[in-house]
Each structure stands twice: as structure tokens, then as C-alpha cells.
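Here is the structure we will look at.
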Amino acid sequence: MELAKNIKRQIRELAHLLYERELNAELAKLDAHFEQWRQGNLSPFYLAAQIHEFHQKPARELFNSFSQDSLFPSYVAKAIADGSLSEAEVASEVREALARQIAFYESEE
């Protein structure tokens with residue numbers, strides 16, 4: 001089933017919101033290492049390794065995942081099912097358009 005343009009736009013915006021949230025969560029973890037470094041509890045070499053690891057793993061994985069807009073409906077449906085997106089954030093027409101996918105992800109929980 002082909003989604004209407006306005007539904008696709010809303011799904012894209014929700015996917016970008018999810019990407020932002022997940023990236024912020026990963027950056028917060030990295031920031032904790034920066035704080036430890038600032039306090040003199042970590043060496044600059046360890047911090048540099050953590051920055052490299054961040055870039056190679058979570059940042060790259062998130063970028064690769066959220067650069068595939070054909071998967072946005074699945075990401076959004078899963079986020080609705082697991083509560084990552086609140087009811088207030090998702091328009092009813094988006095919920096209706098993704099109802100089958102949402103039901104699938106809800107049945108997996």
C-alpha cells in the first residue's frame with residue numbers, strides 16, 4: 001500500500017525525531033567520559049579511544065539505520081509499539097496507516 005505524501009512526511013519527521021533521541025542518548029554516554037576526563041579521572045588517550053569507538057559503532061550504526069528512508073515506517077511503528085513515541089506525538093492518521101506494522105511489533109513484546 002502506497003502512503004499519502006502527508007503521511008510519508010509525518011513518518012519522516014518522526015523518524016528524524018527518533019534518530020535525534022537515540023543520537024542524544026549515545027552522546028550523553030560519551031559526554032560522561034568527557035566529564036571524567038575533565039575531572040582528571042581519565043587519560044586523554046582513553047578519551048580519544050572512546051571518541052573513536054563512538055564514531056565507529058553507535059554513531060555509524062545510527063547514521064546507517066536512519067539514512068534508509070524506506071525503513072522509516074518500520075522504525076516509527078516499532079517506536080509507537082514500544083512507547084518510544086507517545087500518543088501525543090503521533091497523529092491518528094499515521095497510527096492508522098501503520099496499524100498492521102504496529103500490531104506486529106506489539107505482538108512481539
Query raised in the report: Roughly how big is region 5-108's charge dipole about its Cα centre, with Cβ charges of +1 (Lys, Arg) and -1 (Asp, Glu), in debye to the nearest 20?
Result: 300 debye
Report summary line: With 0.36 nm assigned to each residue of separation and the Cα-Cα distance removed, Lys57 to Gln36 gains 5.5 nm
Requested in this report: Could you check which residue among Leu18, Leu30, Leu98 shows the biggest mean-square fluctuation in a GNM of the chain with a 10 Å Cα cutoff?
Outcome: Leu30
Report summary line: region 5-108: relative contact order from alpha carbon pairs under 8 Å, six or more residues apart, as a whole percent, is 34 percent
Query - From phi via Karplus (6.51, -1.76, 1.60), per-residue ³J(HN,Hα) for region 42-53 in Hz, x at Gly/Pro - result: 10, 7, x, 5, 5, 4, 4, 5, 5, 5, 4, 4
Query - Positive-pole candidate from Phe66, Ser86, Ile7, dipole of the chain, charges at beta carbon - result: Phe66
Query raised in the report: Once log10 I(q)/I(0) by the Debye sum over Cα atoms at q = 0.15, 0.16, 0.18 Å⁻¹ is worked out from the coordinates, which option in (1) -0.66, -0.75, -0.96; (2) -0.70, -0.75, -0.86; (3) -0.85, -0.90, -0.98 does it equal?
Result: (2)
Requested in this report: Rounded to the nearest 500, what is the 222 nm mean residue ellipticity of the chain from helices alone, with -39500 (n - 2.57) per DSSP H run of 4+ residues and division by all residues?
Outcome: -23000 deg cm²/dmol
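Every number here is computed from the coordinates shown, using simple stated rules; none is lab data. Predicted model only: the values in this text are computed from it and were never measured. Positions of Cβ are generated from backbone atoms using ideal geometry, with glycine treated the same way; all protein chains shown enter the neighbour counts.
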